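Novice: Below is a structure I'd like to ask you about.
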Amino acid sequence: MSAGPPLNLDGAMEWLAAQPGSIALHESLYAYTWIETAHVLGITLFVGTIAMVDLRLLGVAFPRAPVSAMNARILPWTVAGFVLMIVTGALLFYAIPVRSFHSLWFRAKILLMAVAAVNIFVFHARVERDRDRWDSGVTPPGARISAAISLVAWAGVIVTGRMIAYNWFDCDKPQSAFVHLLTGCLAGLAEP
Amino acid sequence: MSLYHQFEALEATSLGDAIKNSLWLFPAIEAVHLLALAMLGGAVLMLDLRLLGLGLTGQPASTLERETRPWLIGALAVMVITGSLLGVSEALKLYDKRAFWVKMIALACALVFTFAIKGPLARRDPGAVGKAAALVSLALWLTVAIAGRWIGFS
């Protein structure tokens, strides 16, 4: 048995699944359940607070609160929710690596998180550059577009995340060539 | 008619039947239930954090109570509707689940506390009493959320 994970992703997932910690989590009576519960609470804290900031940017909530105050006073809670969500999410993945890696929903979720991450970067690096001019007032179209993308992307992350639990597109079910392409199932099966 | 038989009758309705026998209806409703949970969490936190002296301290609690109320009520409405649809489709399973009854009792307490005690209190911009109310509110809603997630585990 090799000391480290193999260099291809499918092999790495198999290696991960064979780790004692992964097996223990997978077979645990309560640990997995509590981690999943904490994951939902992390999402509630994270998406709940980011949605409030987005609603302010859209101009439909908290009209009296400056955007800078939302950033300074609410976003730290968003970050705390994100950390809880990522840590528990990583543990959930660690418990069931092979199936999660090939899950169509998991892949869609990661893609949406990437979209959301780029959106956050663009917002803070570009859209917010002239924030002083609209901090306490009506937000410009760019900020509204950022907020809308954020709301849609994170809502999509919640929906696709919930769907990971359902096995419609699992590798062990007959799938179209297109689904196989998206899930990488055939590549996985081709491994010795 | 006993409560058990009422649950049985609920599950036998065409609505319960349709959701139970559909491949995607239950997951889709469940996803909307979760989206509303995030919105509810956000709306509750905005006010509770402020009552604790955290969050948007530049805004009076009374302002935040008024400005979060439509989002809170909207999210609650979606949660109750989707939750009822999910519940009708598996009413008998719920009847035997302790987590379901814990959730319903906590939910009743959270609703009464939020609208009869915390809301009126927040409108008067309270001090230390507001902190206590925020802690009770967070504890009640956390119980609802955790018990809700545990309904799914058997």
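The values are calculated or read from the model by the stated rules, or taken from the named source; none is laboratory data. Because the structure is predicted, anything quoted here is derived from the model rather than measured. Note: ideal-geometry Cβ built from the backbone for every residue, glycine included; neighbour counts use all protein chains shown.
Novice: Take the residues of the stretch B:140-154 that are more than 9 Å from chain A (Cβ to nearest Cβ) and at pLDDT below 95: which is nearest to the chain's Cα centre (by Cα)?
Specialist: Top of the filtered list is B:Ile151.
Novice: Restricting attention to the stretch A:102-137, report how many residues are without any contact (Cβ under 8 Å) to a residue 12 or more places away in the chain and not basic (Lys, Arg).
Specialist: Here is the first cut: in the stretch A:102-137, the ones without any contact (Cβ under 8 Å) to a residue 12 or more places away in the chain are A:110-111, A:114, A:117-118, A:121, A:124-125, A:129-130, A:132-133, A:137.
Filter again for not basic (Lys, Arg), leaving A:110-111, A:114, A:117-118, A:121, A:124-125, A:130, A:132, A:137.
Qualifying residue count, the stretch A:102-137: 11.
Novice: Out of all the residues in the stretch A:58-111, which are of a type in the set (A, V, I, L, M) and touching a Cys at 6+ places or on another chain (Cβ under 9 Å)?
Specialist: Within the stretch A:58-111, the first condition is being of a type in the set (A, V, I, L, M), and the residues that meet it are A:58, A:60-61, A:65, A:67, A:69-70, A:72, A:74-75, A:79-80, A:83-87, A:90-92, A:95-96, A:98, A:104, A:108, A:110-111.
If the condition is that a residue be of a type in the set (A, V, I, L, M) and touching a Cys at 6+ places or on another chain (Cβ under 9 Å), then A:Val98 is the only one that fits.
Novice: Of B:Leu76, B:Leu40, B:Leu85, which residue is modelled with pLDDT of 95 or more and within 12 Å of another protein chain (Cβ to nearest Cβ)?
Specialist: Numbers: B:Leu76 fails: within 12 Å of another protein chain (Cβ to nearest Cβ); B:Leu85 fails: within 12 Å of another protein chain (Cβ to nearest Cβ).
Residue meeting the stated conditions: B:Leu40.
Novice: Just to verify a result, which residue in the stretch A:23-34, among those that are free of Cβ contacts under 8 Å to residues at least 60 places away in the same chain and part of a helix (DSSP H, G or I), is nearest to A:Arg162 (Cα to Cα)?
Specialist: Checked the stretch A:23-34; the qualifying residue nearest to A:Arg162 (Cα to Cα) is A:Thr33.
Novice: Applying the selection to the stretch B:122-154, what residues are more than 26 Å from B:Gly87 (Cα to Cα), hydrophobic (A, V, I, L, M, F, W, C) and surrounded by fewer than 20 Cβ atoms within 10 Å (Cβ to Cβ)? It would help to see each step written out before you state the result.
Specialist: First pass over the stretch B:122-154, keeping only residues more than 26 Å from B:Gly87 (Cα to Cα): B:122-136.
From what's left, hydrophobic (A, V, I, L, M, F, W, C): B:122, B:128-129, B:132-136.
Passing the criteria: B:Ala128, B:Val129, B:Ala132, B:Leu135, B:Val136.
Yes/no matrix, rows are residues, columns are (1) more than 9 Å from chain B (Cβ to nearest Cβ); (2) farther than 16 Å from A:Leu91 by Cβ; (3) loosely packed, with under 14 Cβ neighbours inside 10 Å:
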| position | (1), (2), (3) |
| --- | --- |
| A:Glu27 | yes, no, yes |
| A:Thr33 | no, no, no |
| A:Thr37 | no, no, no |
| A:Gly42 | yes, no, no |
| A:Leu45 | no, yes, no |
| A:Thr49 | no, yes, no |
| A:Gly59 | yes, yes, no |
| A:Pro63 | no, yes, yes |
| A:Pro66 | no, yes, no |
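Novice: Let me ask another. Hey, among A:Ala90, A:Ala61, which residue is touching a Leu at 6+ places or on another chain (Cβ under 6 Å) and either in contact (Cβ under 8 Å) with a residue 12 or more places away in the chain or of a type outside the set (Asp, Glu) (or both)?
Specialist: Answer to the selection: A:Ala61.
Novice: Mind telling me which of the residues A:Ala108, A:Ala80, A:Ala117 ends up being within 20 Å of the chain's Cα centre (by Cα) and more than 14 Å from every other protein chain (Cβ to nearest Cβ)?
Specialist: A:Ala117
Novice: In the stretch B:120-130, which residues are touching a residue at least 12 places away in the same chain (Cβ under 8 Å) and either within 13 Å of chain A (Cβ to nearest Cβ) or out of contact with any helix residue (DSSP H, G or I) (no Cβ under 6 Å at 6 or more places or on another chain) (or both)?
Specialist: In the first step, residues of the stretch B:120-130 are kept if they are touching a residue at least 12 places away in the same chain (Cβ under 8 Å); the result is B:121-126, B:130.
Listed by number, the residues that qualify are B:Arg124, B:Pro126.
Novice: Next up: Can you report the number of residues in the stretch B:45-73 which are facing chain A (nearest Cβ under 9 Å), among the polar types (S, T, N, Q) and over 18 Å from A:Asn71 (Cβ atoms)?
Specialist: Going through the stretch B:45-73 one residue at a time, the tally reaches 2.
Novice: Checking the structure you have, find out if any residue of the stretch B:96-113 is at pLDDT below 95, surrounded by fewer than 20 Cβ atoms within 10 Å (Cβ to Cβ), out of contact with any helix residue (DSSP H, G or I) (no Cβ under 8 Å at 6 or more places or on another chain) and under 23 Å from B:Leu15 (Cβ atoms).
Specialist: Checking the stretch B:96-113: at least one residue is at pLDDT below 95, surrounded by fewer than 20 Cβ atoms within 10 Å (Cβ to Cβ), out of contact with any helix residue (DSSP H, G or I) (no Cβ under 8 Å at 6 or more places or on another chain) and under 23 Å from B:Leu15 (Cβ atoms).
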